[in-house]
Amino acid sequence: MSSYQPQKSDKFTFGLWTVGNRGRDPFGDSVRDVVTPVRIVKELSKLGAYGVNLHDNDLVPIDATPAERDAIVNEFKRALSDYGMTVPMATTNLFFDPIFKDGAFSSNDPLVRSYAVQKTMRSMDLGAELGAKVYVFWGGREGTEVDASKRPMDSIKYFRECMDFLCEYSIDKGYGYKFALEPKPNEPRSDIFLPTVGSALAFIATLKHSEMCGVNPEVAHETIAGLNFVHAVAQALECGKLFHIDLNGQKMGRYDQDFRFAQEDLKGAFFLVKLLEDAGYDGMRHFDAHPLRTEDDNGVWDFATGCMRSYLILKEKVAVFNADPEIQGIINGLTNDPNNLAPVLTAGYSAANLATIDLLSFDRVEYGKRGLSYEKLDQLTTEVLLGIRG
Ligand code: DIG
Ligand code: MN
Ligand code: MN
């Protein structure tokens, strides 16, 4: 039995804004004191985390002077060194300040778009100084409440112009960033542009430097959209565009809850961990979640511990599932190919393969009656998760 003690090799990371969340919500004031970035680094290091991520203003106030900025960053860098922590990802806060109330990269106003690009460049400079190699773009304010307020084709064009400009900036500065777009369908805007992984992947294909752009899917965001998160991540993985991932928990049909990882859909979390581990995903396991408003300071670190423990426990259940002979027997039988047709479809169109497909003949009615044992397969999966198998 493992201790489920996180190791640096697990690559667990947390945003400063996660364990630093003070519990304020639209209907209630903060319930916890400020947790400083230095203390976050120290406490997460003690719990076994690999690193922390940040928005520019999680660390440096928007109105800080250059001297204040440098002092804050130097103190933070000392803490990272003292506690052996890294900063794998950085991002820009383009959603909190009123200037962005009607969007940043997709704002109608070229002055706002230009300021959003400038702020992002300064934030990219900060991220590079801290060693970040992934840069996330979450367009929390890119959207509408009033359809008449935007020409959506122009909004997408504006967004593309800013992304193309910033790709060039990263190249010009030699930062080597991998850009990761983070989709969300709504909240805080009524409708947010690039709402899902699929729409983000389509948008990336239209960028000048699409090769350096991928996605940062979040469990809660595809779930809010009513979609299967594992399928969204699988599509990103399959096309080499899973550059980062935001792990958390979410009930469907609710506001963005950002719960502790696996707090809600346990089977969905299991198949997500299975997908990532079976695929050999070597990126960060980043928790973009926050403690419940009910929690005190102790509860904050219970939250962080729970995120990592649940991932490690589910990783162990994946190994049990993958080694279970009855489960694997059913799964392996699903792709039986007595007529050797899979290689024909993989090889693609040719005279020989055309003839094979053209001449294909079988008893469709009888074949359609075959049972697939999914009832047994899913029950066995449930029993693995309930701990009575393996
Ligand atoms: C919210 O899901 C967003 C912001 O917290 C941040 O920009 C991004 C980082 O993963 N996720
Ligand atoms: Mn979220
Ligand atoms: Mn997120």
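Observations, loosely collected:
- Index of the failed condition, Ile224 passing every other in (1) within 16 Å of ligand 1 (Cβ to nearest atom); (2) open to solvent by 60 Å² or more (accessible area, probe 1.4 Å): (2)
- Scanning the stretch 233-243 for residues that are among the charged types (D, E, K, R) and either under 22 Å from Val52 (Cα atoms) or in contact (Cβ under 8 Å) with a residue 40 or more places away in the chain (or both) turns up just one, Lys241.
- Scan of the stretch 244-287 for residues that are away from ligand 2 (no atom under 13 Å from the Cβ), in contact (Cβ under 8 Å) with a residue 60 or more places away in the chain and touching a Leu at 6+ places or on another chain (Cβ under 9 Å), ordered by number: Leu266, Lys267, Phe270, Gly283, Arg285
- Any helices (runs of 4 or more DSSP H) falling wholly within the stretch 1-86 and containing at least 3 residues that are surrounded by fewer than 19 Cβ atoms within 10 Å (Cβ to Cβ): 37-47, 66-82
- Counting the residues of the stretch 249-267 that are within 15 Å of ligand 3 (Cβ to nearest atom) and among the small types (Gly, Ala, Ser) gives 1.
- Selection count, the stretch 123-151, where residues are within 18 Å of Leu181 (Cα to Cα) and open to solvent by 70 Å² or more (accessible area, probe 1.4 Å): 1
- Filter result for Phe270 (farther than 23 Å from Ser45 by Cα and either surrounded by 20 or more Cβ atoms within 10 Å (Cβ to Cβ) or within 16 Å of ligand 3 (Cβ to nearest atom) (or both)): yes
- Answer residue from the stretch 121-160, given it is under 18 Å from Pro217 (Cα atoms) and among the aromatic types (Phe, Trp, Tyr) and is nearest to ligand 1 (Cβ to nearest atom) among those: Trp138
- Some residue of the stretch 29-42 being under 26 Å from Val112 (Cβ atoms) and either of a type in the set (Asp, Glu) or touching a residue at least 24 places away in the same chain (Cβ under 8 Å) (or both): no
- Residues of the stretch 191-210 that turn out to be within 14 Å of the chain's Cα centre (by Cα), in a helix (DSSP H, G or I) and either buried (at least 22 other Cβ atoms within 10 Å of the Cβ) or not small (Gly, Ala, Ser) (or both), as a count: 3
- Residue match in the stretch 334-351 (condition: assigned to a loop (DSSP other than H, G, I, E, B), open to solvent by 40 Å² or more (accessible area, probe 1.4 Å) and under 30 Å from Lys11 (Cβ atoms)): no
- The lone exception for Pro188 - which of (1) open to solvent by less than 30 Å² (accessible area, probe 1.4 Å); (2) within 12 Å of ligand 1 (Cβ to nearest atom) it fails: (1)
- Any hit, the stretch 253-265, residues being within 16 Å of ligand 1 (Cβ to nearest atom), open to solvent by less than 50 Å² (accessible area, probe 1.4 Å) and in a helix (DSSP H, G or I): no
The values are calculated or read from the model by the stated rules, or taken from the named source; none is laboratory data. Just so it is clear, the structure is predicted and the values come from calculations on it, not from any experiment. In this analysis, Cβ positions are derived from the backbone assuming ideal geometry, glycine residues included, and neighbour counts consider all displayed protein chains. Just the protein is used for accessible areas: all its heavy atoms, side chains included, with ligands, DNA and RNA removed. Shrake-Rupley method; radii C 1.70, N 1.55, O 1.52, S 1.80 Å.
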